[in-house]
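S.K.: Below is a structure I'd like to ask you about.
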Amino acid sequence: MKGLIMVYNDQKQAGGIATPTGQRYIFQLADWQEELTLPECGMMVEFEVDEGGRAHHVRLALPEPSGQSAQDLQEELTPDMPTLAPVKERYVPSPKKKSVLTLLGIFLGVYGGHKFYLGAWGWGLAYIFGGIFLSMLMFVHPVMLIFPLALYVFVGAEWIRYILMTDAQFEQKMKRYQAKRPSPFAFFW
């Protein structure tokens, strides 16, 4: 069956789907089949119905050959109701590799290379400008050398953490990190 997610509550991890025929079905987050996205209002989905009348195996719907969009389905479902917010484009993050992240942390960590790779460009810029500023401090007085060294220790701790993380842990953490649509100052640990 196809339908439109009309409501989704993050705290309860449950939502409701409406079909073009007017039927309503409830689903739980455990029934959500997509790994890289979380359910949101306005998403067109495909699902199956169990004996209890509950939706399960809920996944994003493939576009119809006729070109029916989520907006068309929404208008079909709710002709007298005000239109919901426009459907957001599906966020598909690029896959990240542990080896690339680790190497960037080792060789370009002080310049924030690993942060840019993760999409946290705010931290990447902070690393660049912070590294330049802290490096200039050591010319003011030799005791100030402690600040750039602290930056090296912090970056070293990050890439050691990446090395010690198993591939399964990395994949799991990366899926959770990317599902949140990382902000410029998101932190992956």
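The values are calculated or read from the model by the stated rules, or taken from the named source; none is laboratory data. Everything quoted here is computed from the prediction, not taken from an experiment. Cβ atoms come from the backbone with ideal geometry, glycine included; neighbour counts cover every protein chain shown. Each accessible area value is taken on the protein alone, full model and side chains, heavy atoms only, with ligands, DNA and RNA left out. Shrake-Rupley method; radii C 1.70, N 1.55, O 1.52, S 1.80 Å.
S.K.: Under a Cβ-Cβ cut-off of 12 Å, what is the net charge of the residues other than residue 56 that fall near it, where Lys and Arg count +1 and Asp and Glu count -1? Kindly include the intermediate steps, with their values, before the conclusion.
M.R.: Numbers: positive: 54, 59; negative: 31, 46, 48, 50, 51.
Net local charge, residue 56 excluded: -3.
S.K.: Residue-wise, which Karplus ³J(HN,Hα) couplings in Hz belong to region 35-43, taking 6.51 cos²θ - 1.76 cosθ + 1.60, θ = phi - 60°, and x for glycine or proline?
M.R.: 8, 9, 10, 9, x, 9, 4, x, 6
S.K.: Still on this structure, please answer the following. Suppose R0 equals 22 Å. What FRET efficiency, 1/(1 + (r/R0)^6) with r the Cβ-Cβ distance, do residue 49 and residue 13 give to the nearest 0.05?
M.R.: Numbers: r = 19 Å, r/R0 = 0.88.
FRET efficiency, residue 49 to residue 13: 0.70.
S.K.: Taking all protein chains in place and a 1.4 Å probe, what share, in percent, of the accessible surface of region 1-43 do carbon and sulfur account for? Intermediate values should be presented prior to the final figure.
M.R.: Numbers: 1200 of 2330 Å².
With neighbouring chains kept in place, the figure for region 1-43 is 52 percent.
S.K.: What trypsin sites (Lys or Arg not before Pro) in region 1-68 are in a loop by DSSP, with at most 16 other Cβ atoms within 10 Å of the Cβ? Numbers along the way, then the final one.
M.R.: On the way: sites: 2, 12, 24, 54, 59; in loops: 12, 54.
For trypsin sites (Lys or Arg not before Pro) across region 1-68 that sit outside H, G, I, E and B with at most 16 neighbouring Cβ atoms in 10 Å, the list reads 12, 54.
S.K.: Also, quick follow-up: Residue 144 to residue 187: FRET efficiency via 1/(1 + (r/R0)^6), r the Cβ-Cβ distance, R0 22 Å, to the nearest 0.05? Don't jump to the answer; show the numbers that get you there.
M.R.: Values: r = 27 Å, r/R0 = 1.20.
E between residue 144 and residue 187, to the nearest 0.05, is 0.25.
S.K.: Another question, then. Share of region 120-189's accessible area from carbon and sulfur, percent, 1.4 Å? Intermediate results must be reported in sequence, preceding the final value.
M.R.: Details: 3520 of 4610 Å².
Answer for region 120-189 is 76 percent, counting heavy atoms of protein chains only.
S.K.: Remind me, relative contact order of region 1-67 in percent, using alpha carbon pairs under 8 angstrom and six or more residues apart? Before the final figure, lay out the partial values.
M.R.: Working: 125 pairs, mean separation 21.2, N = 67.
After rounding, I find 32 percent.
S.K.: Of all chymotrypsin sites (Phe, Trp or Tyr not before Pro) in region 147-185, which ones are in loop regions per DSSP and have a Cβ with at most 13 other Cβ atoms within 10 Å? Numbers along the way, then the final one.
M.R.: Numbers: sites: 152, 154, 159, 162, 170, 177, 185; in loops: 185.
Here the chymotrypsin sites (Phe, Trp or Tyr not before Pro) that fit, given the DSSP loop and packing criteria, are 185.
S.K.: Just list whichever of 12/115; 2/98; 12/98; 2/96; 2/97; 12/173 have alpha carbons separated by over 26 Å in the model shown.
M.R.: Numbers: 12/115 32 Å; 2/98 37 Å; 12/98 33 Å; 2/96 32 Å; 2/97 34 Å; 12/173 22 Å.
Flagged as over cut-off: 12/115; 2/98; 12/98; 2/96; 2/97.
S.K.: Full extension from residue 26 to residue 129: what is 0.36 nm times the residue separation minus their Cα-Cα distance, to one decimal in nm? Don't skip to the end; give the middle numbers.
M.R.: Values: separation 103, 0.36 × 103 = 37.08 nm, distance 4.96 nm.
That works out to 32.1 nm of additional length.
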